[in-house]
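The values are calculated or read from the model by the stated rules, or taken from the named source; none is laboratory data. Not measured: the values here are computed from a predicted model. Methodologically, a virtual Cβ is constructed for each residue, glycine included, from the backbone with ideal geometry; neighbour enumeration extends over all protein chains shown.
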Amino acid sequence: MRGLFSPKSVYPMLDKERLNNLSDDIWKGAIKLRGKFKAKDYPLVILPMIMIRRIECVLEVKRALFRQDILKKTPDISLENLDIRVGLMEASLPFYNTSRWTLKKILKESSSQVYSHFSDYLSKFSPNLSEIIEKFNYHAVVKQVDKANRLDSIIELVVDKDFSPERISNIEMGYVYEELLQRFSQDDAKDTGEHFTPREIIRIMVDLMEIDFDPATATQAISIYDPACGTGGMLSVAKEHLMDKAKSEYEQKQVADLVLLNGQELLDQNYAVCKADMIIKGEADAKITSGNSLIPHIASVSDDGDRHAGHQFDYMISNPPFGVNWSEYKEDALRLATSRYKWGTPDVGDGALLFLLTMIEKMKPAAQGGSKIAVLFNGSPLSNGDALQGESEIRRHILQNDLLDTIVMMPDQMFYNTGIYTYIWLLNNNKPKHKRGKVLILNARDQFEKEPKSFGNKRNRITEQHRQWIDAQFAAWQANAACKVFKTSEFAFHKVKVVFWQTDEHAQPMWITETFDVQLNNGNVQKRFELYGDMTLYLTVDCRVGGAERDTHHSEDVDAGAGGTVGIATLHPPYVRLMDLHYDGSKPFDTLVAEYIKQTVAGYAEQPLKDIKKALKDWKLEATYHHRHYIVDNEYIPFDDMADDKAAYINAFLAREIEHPIISWEEYAQLGYEILPNKYFYQYQEPTPSDQLIEQFWALEKQAEQLLQDIKEL
């Protein structure tokens, strides 16, 4: 049996006041749990009860219709037989309850029997609903509620509410859940607000995918997938959008039969809500699974993983959680490092791009028609990560494989729980010829109007007029004031490590003295000389041998030959000597020091240089050194695919951007990729002149004085 209510959908603006009132009513009733449960645990009690009542509302309508039909045909039937017949007919539905109970009947019975009757009621749901109730772990929760003597009051909270889909749509129910989760989970805010996307944004995402399905002529099924489906809003709206195109019952049936919904959800309560709503709407073929779609579903992984692995889908749509931390299951996710995530993995603090890679893996080959993806992100996936880091590498492969079609910049304050800007990414592995090798950035930041009444942080909304404007810009796919078209290579950049000399305000070389921070040996000293070209080392040498005391010398200068000049100064015991060594690279470092020791330290004049150099290995050497001041920095240079000579192009860029003499530069092994929509549409505005600011200040001052005077006169 397909659909338990009319499949024809409409898209009215949400009645925020009505939904707020409903949420307020439920919240006030939930206060009855105070003292027995923590507020963050209220959802475990309240949300399943709402779902059960929602299911019961549908069954009540069907039972009434069954009774009416039976009585028309058999008006003299007994009440007992009537109930039996209704029960048999109900069992033919996609879901049912074989007990004799309803929530109202349970409350009418003895108050001492509420728990036993309600438990019987829960246990008699059809298997598909029983699985949902198990996901809520509701039998155990109900037992706790009963021990707290609150079960009857929680049933009373919903027993008279009309939660039927005809009155409250799936998307509206999502907003109610969102409001309740926000209130219930104030102490755990990171878990709130991840699940529900404004209906108007979903509509835009569905429009931009340009789903190729004509219900009048379709003969093949199409599949739609969401790896983070929440309560199912995106999947539901996608199918409703196609249902709107149906002009007859036949076409409606085509949509119902041939548009197949697939999704996975990690959070049990959201999965249960989504699964229940799919069942209620008659989506018998919808494959909604529970688990973590970012990890493999294999025996060696303890948690449920991707239940859709190996499947491919025609269309994919999702709003993954913003900034989801995946450190807890990193080890399991990295089992896919050589397959799904072979392009790279993002930082553990934000796993959004893992969802995109999961969808990309499920794209059909272009030879089979390809696939389209619409995914909603915050700004992080656009530019997080440097060259060679995971996020940049993922973007590089997406762009080099020409998968990215369009990015739409959405208005802020569109979401219930956050006011941030968001971006719709559209991917297509079978792009039409005029889009190949290119990406459209569409700026829709101004396409909104204010909500008549705020709903959480949602203060803006997109009207039909705004939606049509976005559709028209996307369809045209041409550069204009609101749209910019880029070659995929224009998002690439060279990351170059540059070493250059620092100069002072007179453009003269700057010098610096710093600790020689690596081992003092020939190789390390020579490397530093090769870098600086000239340097003086200030050495401290403890030249005691076996604890024997040597003669000390007064400060003097000694000619060290080609090695430069050295100076010696007497220190107090333990006989540490100082020397200044001007190093020019003509002799090895240890030779110069040994020559100095031989010429200046009593008892070493007759020692062969080789023995002194050998003894140096047992002596304590420390040094600071004076050299020209240099800076090591990274330069990010736009990639130019028209540059014939890359080295000359980079040299020219560095010469323009760096005013100091360049010692060396080295390019990183791979191009970096980033997308910066705000930069592309930035328009410089002259600051307000200071005289105007002063005038505005004095005008405000006069207004403040007048307000104070008015207050005094009251």
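Worth a mention:
- The single condition among (1) closer than 30 Å to W425 by Cα; (2) without any contact (Cβ under 8 Å) to a residue 40 or more places away in the chain that Q692 does not meet is (1).
- Taken together, the residues in the range 266-284 that are closer than 15 Å to Y138 by Cα and of a type outside the set (A, V, I, L, M, F, W, C) amount to 4.
- Flag: S236 does not match the condition of being outside the structural domain of C57 (by TED's automatic domain parsing) and more than 25 Å from K364 (Cβ to Cβ).
- Pairs with Cβ under 9 Å, 6+ apart, first in the range 49-75 and within 19 Å of I132 (Cβ to Cβ), second modelled with pLDDT of 90 or more and among the acidic types (D, E): L59/E90; K62/E90
- Hits in the range 361-389 - residues which are of a type outside the set (S, T, Y), crowded, with 21+ Cβ neighbours inside 10 Å and more than 25 Å from Y668 (Cβ to Cβ): K362, M363, K372, I373, A374, V375, L376, F377
- Single unsatisfied condition, C274 versus (1) out of contact with any Cys (no Cβ under 7 Å at 6 or more places or on another chain); (2) closer than 21 Å to L93 by Cα; (3) in contact (Cβ under 8 Å) with a residue 40 or more places away in the chain: (1)
- Residue among F681, F639, F697, F653 that is within 30 Å of I420 (Cα to Cα) and not polar (S, T, N, Q): F681
- Condition broken by D618, with the remaining ones in (1) surrounded by 10 or more Cβ atoms within 10 Å (Cβ to Cβ); (2) among the acidic types (D, E); (3) farther than 14 Å from V498 by Cβ; (4) not assigned by TED's automatic domain parsing to the domain that holds V525 satisfied: (4)
- Residue under evaluation G323, criteria (1) in contact with a Pro (Cβ under 6 Å, 6 or more places away or on another chain); (2) on the phi > 0 side of the Ramachandran plot; (3) of a type in the set (G, A, S), criterion not met: (1)
- Selection from the range 90-111 of residues that are surrounded by 15 or more Cβ atoms within 10 Å (Cβ to Cβ) and within 18 Å of N128 (Cβ to Cβ): E90, L93, P94, F95, Y96, N97, S99
- Here G291 meets the list (1) over 23 Å from K362 (Cα atoms); (2) surrounded by fewer than 23 Cβ atoms within 10 Å (Cβ to Cβ) almost entirely, failing just condition (1).
- Selection status of I224, at pLDDT below 80 and over 21 Å from the mean Cα position of the chain (by Cα): no
- Checking each residue in the range 308-328 for being more than 18 Å from I373 (Cβ to Cβ), in contact (Cβ under 8 Å) with a residue 12 or more places away in the chain and surrounded by fewer than 17 Cβ atoms within 10 Å (Cβ to Cβ) picks out G323, N325, S327.
- The C-beta contact set for the range 352-370 (first residue of a type in the set (D, E), second residue assigned to a loop (DSSP other than H, G, I, E, B), distance under 8 angstrom, 6+ apart or interchain) comprises E361/S339; E361/R340.
- The residue that is surrounded by the most Cβ atoms within 10 Å (Cβ to Cβ), counting only those in the range 214-226 that are closer than 18 Å to N262 by Cα and in contact with a Lys or Arg (Cβ under 8 Å, 6 or more places away or on another chain), is Y225.
- Pair list, Cβ < 6 Å and 6+ apart or interchain, from the range 434-461 residues that are crowded, with 16+ Cβ neighbours inside 10 Å and β-branched (V, I, T) to residues that are part of a strand (DSSP E or B) and modelled with pLDDT of 95 or more: V439/L404; V439/F486; I441/I407; I441/K484
- Selection over the range 93-141 of residues that are touching a Ser or Thr at 6+ places or on another chain (Cβ under 7 Å) and closer than 23 Å to E60 by Cβ gives a count of 5.
- Residues in the range 289-323 that are of a type in the set (V, I, T), over 21 Å from R203 (Cβ atoms) and within 24 Å of the chain's Cα centre (by Cα): T289, I295, V301.
- Exactly one residue out of I470, I441 is under 23 Å from I211 (Cα atoms) and part of a strand (DSSP E or B): that is I441.
- Verdict on S99 being modelled with pLDDT of 90 or more, under 23 Å from M278 (Cα atoms), under 46 Å from the mean Cα position of the chain (by Cα) and assigned to a loop (DSSP other than H, G, I, E, B): yes
- Among the residues of the range 410-421, those that are surrounded by fewer than 22 Cβ atoms within 10 Å (Cβ to Cβ) and in contact (Cβ under 8 Å) with a residue 60 or more places away in the chain comprise Y416, N417, T418, I420.
- Test result for S300, touching a Gly at 6+ places or on another chain (Cβ under 9 Å) and of a type in the set (S, T, Y): no
- Restricting the range 153-208 to residues that are touching a strand residue (DSSP E or B) at 6+ places or on another chain (Cβ under 8 Å) and at pLDDT 85 or above leaves a set whose member that is farthest from Q447 (Cα to Cα) is V206.
- Condition check for L354: at pLDDT 95 or above, within 17 Å of the chain's Cα centre (by Cα) and surrounded by 23 or more Cβ atoms within 10 Å (Cβ to Cβ): yes
- Tabulated pairs, the range 528-555, first at pLDDT 85 or above, second of a type in the set (S, T, Y) and part of a loop (DSSP other than H, G, I, E, B), C-beta under 8 angstrom, 6+ apart or interchain: none
- Any hit, the range 110-127, residues being within 35 Å of the chain's Cα centre (by Cα), in the same structural domain as Y42 (by TED's automatic domain parsing) and part of a helix (DSSP H, G or I): no
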